[in-house]
1. Per DSSP H run of n ≥ 4, the term is -39500 (n - 2.57); total these for the chain, divide by its residue number, and report the mean residue ellipticity at 222 nm rounded to 500 deg cm²/dmol.
2. Plugging the Kirkwood radius over Cα pairs into Stokes-Einstein for region 1-143, at a temperature of 37 °C and a viscosity of 0.692 mPa s, what D comes out in µm²/s?
3. Compute from the Cα atoms of region 290-357 the Rg and the Dmax, the latter being the longest Cα-Cα distance, and quote both in angstrom.
4. For region 90-211, I need the span (max minus min coordinate) of the C-alpha atoms along each principal axis, in Å, sorted largest to smallest.
5. List the lysines whose Cα sits under 24 Å from the Cα of residue 257, skipping any in the same chain fewer than 8 residues away.
6. Any lysines with Cα under 25 Å of the residue 332 Cα? List them, leaving off those in the same chain fewer than 8 positions away.
7. Between residue 370 and residue 102, how many nm apart are label points set 7 Å from Cα along the C-beta direction?
8. From the gyration tensor of the Cα coordinates in the chain, what semi-axes in whole Å does the equivalent ellipsoid have, largest first, with each one equal to sqrt(5λ)?
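The values are calculated or read from the model by the stated rules, or taken from the named source; none is laboratory data. In this text the structure is predicted, and so the values were computed from the model without any measurement. No Cβ is skipped: glycine too gets one built from the backbone with ideal geometry, and neighbour counts run over all protein chains shown. Ligands, DNA and RNA are excluded from the accessible area calculation, which covers all protein heavy atoms including side chains. Shrake-Rupley method; radii C 1.70, N 1.55, O 1.52, S 1.80 Å.
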Amino acid sequence: MTHDIHVIGGGLAGSEAAWQLAEAGLKVRLSEMRGSGEATPAHQTDGLAELVCSNSFRSDDAESNAVGLLHQELRTLGSLIMRQADIHRVPAGSALAVDRDNFSNSVTEAIDQHPNITLVRERVDALPDGPTIVATGPLTAASLAAGIGAETGREALAFFDALAPIVHRDSIDMDTAWFASRWDKGEGKDYINCPMDKDQYLAFHQGLVDGEKTPFKDWEKDTPYFDGCMPIEVMAERGVDTLRYGPMKPVGLDNPKTGRWPHAVVQLRQDNAQGTLWNIVGFQTKLKHADQVRLFRTIPGLENAEFARLGGLHRNTFIRSPELLDATLRLKSRPNIRFAGQITGCEGYIESCGIGMLAGLFAAAELTGKTLTPPPYATALGALLGHITGGAEAETYQPMNVNFGLFPPIPGRTKKTDRKKMYTDRGRAALAQWLNSPQQHPETADISPEMAPSA
């Protein structure tokens, strides 16, 4: 073997993972199928870390934004992606945006010139037997996806995002909404219910029909809908009462304020173990984001909703990470394989980079006989990793950006205006403590209560 570890995929995650491994003194084979005669429907070049959509890495505010905090943590840990992004940044206010071509070219050059990395333009069709990081992203080649499906179980591999909006729990008005399960089944607090009268429902229905939608990309247009991910606006177009017999069905839900069933009900279901995030059930949508915010804030109880994620629907390939991966991103059934980037179910450029970095660091520690604990949950990296590897509900797992809803809650009563700064201050302190503490095996690491997610 001419390499110590094989990284498959030369996007943001794969490039970052390969860099971290190479910097640790390991020989890396980095396989990228673009440039071998293969292509994807979305990429335009053969460059590594190509940005296929926006050129923005989003907020660079490390004082009050979870994304900005993640930027800062990656810089602290020596991220190649962040270093090149800073070099090639373009004006974008408080956001970090880059010249996409120069950024990709510089990442490609850095990888190609590193003495410990061999960049091979090739398609990989099967999971290798040796140490491997799979970072093939949302457009994983069909042959490799089939191999992943065979290893994990077909039902654990998704090919279509059906993203319902996710709301921060503390922004829901519980004077209007109430906890209940249909027909009072379960523990009674399985769902938050937001009631609508007839006029409110009809206005909402019309808003869905009239709202501006995001068109499918050319390579998505032939992907058929299936019942489990039907956009809510498509259901609305099928008839005025279709939603009342679907995701907005009111039967079995007595409004404790009236003692009767509402005309329609919007239900939210807990989305993470901490109970800080709740998704709007059945509301996957192609509505443009501005229309989603405007329309969904007309729902009684959600007038002041703060969204951790808005809805979406697009082709993607990702695994059910919370049940398949261990705390260091190893595939439980084949520990020689790690996954990184969007295929794990993280969403966004910088999140992919972060999970790629962690996969590289964990693999480097393992291969060099060192130990590395996962970063604390109070850090942006730790919160994102914890969500992917166990904090999310496996059965309803969908891609997620980093946001403060993934962090352990700030204890006690605090002003909303102060809370974000408290998250970032705590995160920086936790990262410093992690970097300065002796590392243990991840399986035996002690996590202090304030850093761990609540059950």
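1. Counting only the DSSP helices, I get -9000 deg cm²/dmol.
2. 209 µm²/s
3. Taking only Cα atoms of region 290-357, I get Rg and Dmax of 16.5, 50 Å.
4. Over region 90-211, Cα extents along the principal axes are 65, 45, 29 Å.
5. Within the straight-line limit of under 24 Å, residue 257 reaches these lysines: 185, 189, 198, 249.
6. Here the lysines satisfying the reach criterion relative to residue 332 are 27, 370.
7. The modelled label-to-label distance comes out at 3.3 nm.
8. Numbers: eigenvalues 291, 124, 84 Å².
Three semi-axes, in Å: 38, 25, 20.
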